[in-house]
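What follows is one structure encoded as structure tokens, with my remarks underneath.
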Amino acid sequence: MTRPRSDRALIYTAALLRGLAAGSISVLAAVYLAKRGFDEAEVGMVLTAGFVGVACGTAYSTFLADRVGRRRSLVVLALLAAGGGLCLALFDSRWALTAAAFLGMLNTQGSDRGGAQALEQAILPATAADRDRTQVFAWYNALQDIGAAAGALLAALPALLRDSFGVAEAHAYDATLIGYAALLAAAALAYARLSPAAERGAVTAPAHALHAPAAVRRAVRNFSLLSAMDAFGGGFIGSALIAYFLYLRFGVSEGALAALFLAARIMTVLSHFVAAWLSRRIGLVNTMVFTHLPSGILLLTLPLAPSFAVAAALFIVREGLSEMDVPTRQSYLMAIVPEHERAWAAGLSQLARASARVAAPALAGSAMQAGALWAPLVAGALIKIAYDLLLWRAFRRIRPPEEQA
């Protein structure tokens, strides 16, 4: 068991490094490009190319990585991302930067949800017993969240180099991009040390009710469609839109919003471990549904809050519940498919979520512009509540191995 455990440590290390890189670039990318003289349309083109690259990388992990090799694929994905960061610092042409963003899978969402994550999710279950699998995913997600939060702080590095050390602003930003690339190169080194146990296992039947391959694939597709529904609802209630709602509704300062979202992020990190503990007692599907459902109901109350203090309290409690389904969802999906199908299942779920999330922010912004500040919150909450009910109905009888007894 020593090698699989070392593989888990390497995946954790790489996830933390990728979180740091994603957190920093999500804050810096648009500002960096604007300071280099690119207009809004050009900045948008570069960032869009990055999202397309992320989607292509995830598609590769979903359909091809197991044939090429998981370790080799992870190393290549990390090196491509590192190379993309270096090219952003070295080239000036908008077309070169667009190509760099695409090939480097530039992810400016604040957290890494690309092809590497799909493969990591496929590898992690084999590093622990079934009863410990959700705890493993809790640590995995917590480290990614911590990395993303710390990475956002790294976005202050250019200003620090400029103001405290007299470094020219352009060079300060370039140095930060080089640091971004170095983090991803370090992740590639971690991936290169993975053992052969990380590779795709032999074709086996899952240890639960879904014995037929057709039944497994049908369940994964249904799960992915429901995940897309959840992501579509989440697109209406992203952090930026909630912050904007609170800012307009209560006139609070940026400092108050920053403190609120810091508290919310801490609650999210802690909730991963609570979810792992709870799932041992009531099961993975019940934990996903019966924590996520109250978070949607709490979101419905946010527009009714009479003051910022009440809204902040409701929001923090809601954040403590809203992502308890993340480690449990990942653990459950990996549990109900055989080992050789895990990369495909994780990748398909991520592709569905990423595709569904695209349109919702634009719809939410249009509703807010029309004067209905509360509409995106209500729409997002209702979609997520419907998702919870449909998920419970479809999957409550499909139990992972540790819940078979």
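The values are calculated or read from the model by the stated rules, or taken from the named source; none is laboratory data. None of these values were measured; they are calculated from a predicted model. Cβ coordinates were reconstructed from backbone atoms using ideal geometry, including for glycine residues, and neighbour counts include every protein chain displayed.
Things worth noting here:
- Sole residue being among the aliphatic types (A, V, I, L, M) and within 22 Å of D145 (Cβ to Cβ), chosen from A78, A34, A41, A49: A78
- Criterion applied to T13, T62, T98, T58 was being at pLDDT 90 or above, in a helix (DSSP H, G or I), over 20 Å from the mean Cα position of the chain (by Cα) and not charged (D, E, K, R), and the one residue passing it is T98.
- Condition check for V54: touching a residue at least 12 places away in the same chain (Cβ under 8 Å) and in contact with a Ser or Thr (Cβ under 7 Å, 6 or more places away or on another chain): no
- Exactly one residue out of L74, L88, L80 is assigned to a helix (DSSP H, G or I), surrounded by fewer than 21 Cβ atoms within 10 Å (Cβ to Cβ) and either under 22 Å from the mean Cα position of the chain (by Cα) or at pLDDT below 95 (or both), and it is L80.
- If the condition is being aliphatic (A, V, I, L, M) and not in a helix (DSSP H, G or I), then the stretch 274-317 contributes only A305.
- Restricting attention to the stretch 279-325, the residues that are touching a residue at least 40 places away in the same chain (Cβ under 8 Å) and either closer than 25 Å to R393 by Cα or not assigned by TED's automatic domain parsing to the domain that holds R249 (or both) add up to 23.
- Of all residues in the stretch 321-339, one or more are in contact with a helix residue (DSSP H, G or I) (Cβ under 8 Å, 6 or more places away or on another chain), farther than 30 Å from A198 by Cα and in a helix (DSSP H, G or I).
Residue-wise test of (1) touching a Ser or Thr at 6+ places or on another chain (Cβ under 7 Å); (2) without any contact (Cβ under 8 Å) to a residue 40 or more places away in the chain; (3) small (G, A, S).
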{"site": "S73", "(1), (2), (3)": "yes, no, yes"}
{"site": "A82", "(1), (2), (3)": "no, no, yes"}
{"site": "G85", "(1), (2), (3)": "no, no, yes"}
{"site": "L88", "(1), (2), (3)": "no, no, no"}
{"site": "F91", "(1), (2), (3)": "no, yes, no"}
{"site": "A96", "(1), (2), (3)": "no, yes, yes"}
{"site": "G104", "(1), (2), (3)": "no, no, yes"}
{"site": "N107", "(1), (2), (3)": "no, no, no"}
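- Members of the stretch 147-171 found to be in contact with a Lys or Arg (Cβ under 9 Å, 6 or more places away or on another chain), touching a residue at least 40 places away in the same chain (Cβ under 8 Å) and surrounded by fewer than 20 Cβ atoms within 10 Å (Cβ to Cβ), listed by number: E169, A170
- Members of the stretch 169-184 found to be farther than 16 Å from A101 by Cα and either touching a His at 6+ places or on another chain (Cβ under 8 Å) or among the aliphatic types (A, V, I, L, M) (or both), listed by number: A170, A172, A175, A182, L183
- Yes/no for A41 being within 18 Å of the chain's Cα centre (by Cα), in the same structural domain as L119 (by TED's automatic domain parsing) and not acidic (D, E): no
- Looking across R8, R18, R36, one residue alone is under 30 Å from A129 (Cβ atoms) and surrounded by fewer than 23 Cβ atoms within 10 Å (Cβ to Cβ). It is R8.
- Condition check for A276: in contact (Cβ under 8 Å) with a residue 12 or more places away in the chain and either of a type in the set (D, E) or surrounded by 17 or more Cβ atoms within 10 Å (Cβ to Cβ) (or both): yes
- Residue satisfying all of: in the stretch 103-116; buried (at least 24 other Cβ atoms within 10 Å of the Cβ) and assigned to a helix (DSSP H, G or I); modelled with the highest pLDDT among these: A116
- The condition of being under 24 Å from A122 (Cβ atoms) and either outside the structural domain of G147 (by TED's automatic domain parsing) or not charged (D, E, K, R) (or both) does not hold for L248.
Residues checked against (1) modelled with pLDDT of 95 or more; (2) among the charged types (D, E, K, R); (3) surrounded by 24 or more Cβ atoms within 10 Å (Cβ to Cβ):
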{"site": "D325", "(1), (2), (3)": "no, yes, yes"}
{"site": "P338", "(1), (2), (3)": "no, no, no"}
{"site": "R342", "(1), (2), (3)": "no, yes, yes"}
{"site": "S349", "(1), (2), (3)": "no, no, yes"}
{"site": "A356", "(1), (2), (3)": "no, no, no"}
{"site": "G365", "(1), (2), (3)": "no, no, no"}
{"site": "A386", "(1), (2), (3)": "yes, no, no"}
{"site": "L390", "(1), (2), (3)": "yes, no, no"}
{"site": "E403", "(1), (2), (3)": "no, yes, no"}
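- Summed over the stretch 18-50, the residues that are closer than 22 Å to A188 by Cβ and touching a residue at least 60 places away in the same chain (Cβ under 8 Å) give a count of 11.
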